[in-house]
Amino acid sequence: MKKKTIGIAVGIIILGAITAKLIANKVEIDNNSQNKSDITTTVKVVNVEKRIQNSTLSITGVTAARQEVTLKSETGGQIVDINFNLGDFVSKGKSLVQIDDRLAKLSLESAKLNLVRSEDEYNKTKNLYNGDAATETTLRDAKIDYEKAKLSVEQAEKQLSFTKILATQSGYIVSKFVEKGTYLTSGTSIAYLVDISQLKVNIKAAEKDAYKIKVGQEVKISSSIFPDVIYNGKVSFVSQQGDDLHNYPVEILLENKSTSQLKAGTFVNVNFQFKSVEPSLLIPRESIVGSLKNAKVYTIHNNQAHLKDITVGRDFGNLLEVVSGLNENEKVVIAGQINLTDGATVDVIN
């Protein structure tokens, strides 16, 4: 009986100790909560501004030669000389290939001799006609023979010129299809030549951007190949037809540089600038709490923080357009948000 009484007493003592500990913990928690609510958080703020802000757009594209041509023979014959190598830069008018021209020269000489004979015959007939010793028909036939002889000389000269293949434009030889001794027929490809003094840049613009891009618009172009070099470009074409993904082909002409020269087929970034017409509400990017899709910001009124939902519009890099949720000159927190809760007391610093 005595042992049972002692056990009950010990149980009561233990239960009392536990209860006292729980009460002490609750008091401590309440005190901590009270102290936390009394904490003042230091924050930095800026005013929501309304101003005109130009927007930018960067699209990656690929360069292509604006002018490129496949040089072909216009007559048959064997190549007796080649004056270019693969990779050479050639100027417009440079002789690249010489075809055996012996037969063409003989044909020209024959045509010239016939022209001399025809001219002499025509002059004699004309004198006879003036002396009433030849008919008008005879004079006409002599003149026709003379004119035909002149045409034959021109044709022979043209055929002779075909034996020398010239560069039709300045540029680089990027493909070579023949060698010395090759026998050509009319239409045989000789070389592929590209002019990269001016390049085309082909890009695809999203629907919302395609409506802002205008033919003649100037752009700046950069490349990772020459990261410190900016190239000037101008929009030359905006397609009126988009693809199934609502992307529209756009072509830009790029003025290449003699130094830091870009090659055709290089990736580049085309940078557009668009001038805004109406002013927008702008806030710094660092003021955003959460994602841009579900953006929130802390505003400050009477030294108290208020968490607000906002709708973000255009992205200007370090600045964001606010479509709704804020008013001009409201103060938004740009530093110290991590320690804030809705309704917290703050100390604003400059």
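The values are calculated or read from the model by the stated rules, or taken from the named source; none is laboratory data. Please read all numbers here as calculations on a predicted model, not as lab measurements. Cβ placement follows ideal geometry from the backbone for every residue including glycine, while neighbour counts extend to all protein chains displayed. Each accessible area value is taken on the protein alone, full model and side chains, heavy atoms only, with ligands, DNA and RNA left out. Shrake-Rupley method; radii C 1.70, N 1.55, O 1.52, S 1.80 Å.
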For a test of the definition: using alpha carbon positions, the gyration tensor, and the 1.5 limit on a/c, classify the range 230-324 as rounded, prolate or oblate.
prolate
Normalised convex hull volume, the range 165-237, alpha-carbon set, Å³ per residue
169 Å³
In degrees, nearest 10, the alpha-carbon axis of helix 136-161 is tilted away from the dominant principal axis of the alpha carbons of the chain by 40 degrees
On C-alpha positions alone, give me the angle between the axis of helix 102-130 and the longest principal axis of the chain, in degrees, nearest 10.
50 degrees
For the range 234-248 and the range 300-330, compute the distance between their C-alpha centroids and round to whole Å.
35 Å
Under 30 Å Cα to Cα from LYS50, which lysines show up? Leave out anything in the same chain fewer than 8 places away.
LYS208, LYS212, LYS214, LYS220, LYS275, LYS293, LYS296, LYS308, LYS331
For the chain: accessible area per residue (Å², 1.4 Å)
63 Å²
Carbon plus sulfur fraction of accessible area for the range 126-223, probe 1.4 Å, in percent
51 percent
Taking K and R as +1 and D and E as -1, what net charge do the other residues with C-beta under 13 Å from the C-beta of LYS257 add up to?
-1
Ignoring solvent entirely, what values of log10 I(q)/I(0) come out of the Debye formula for the chain at 0.08 Å⁻¹ when each Cα is a single scatterer?
-0.75
Can you work out ³J(HN,Hα) from phi for every residue in the range 269-276, in order, using Karplus 6.51 cos²θ - 1.76 cosθ + 1.60 and θ = phi - 60°, giving whole Hz and x for Gly and Pro?
10, 9, 10, 9, 10, 10, 7, 7
Cα gyration tensor category, rounded, prolate or oblate, for the range 123-278 with a/c compared to 1.5:
prolate
Helix-only [θ] at 222 nm, the chain, -39500 (n - 2.57) per DSSP H run of 4+, per residue, nearest 500, equals -9500 deg cm²/dmol
Which whole-Hz couplings ³J(HN,Hα) result when phi for each residue of the range 325-337 is put into the Karplus expression 6.51 cos²θ - 1.76 cosθ + 1.60, θ = phi - 60°, listed in order with x for Gly and Pro?
x, 9, 10, 4, 6, 5, 9, 10, 7, 10, 8, x, 4
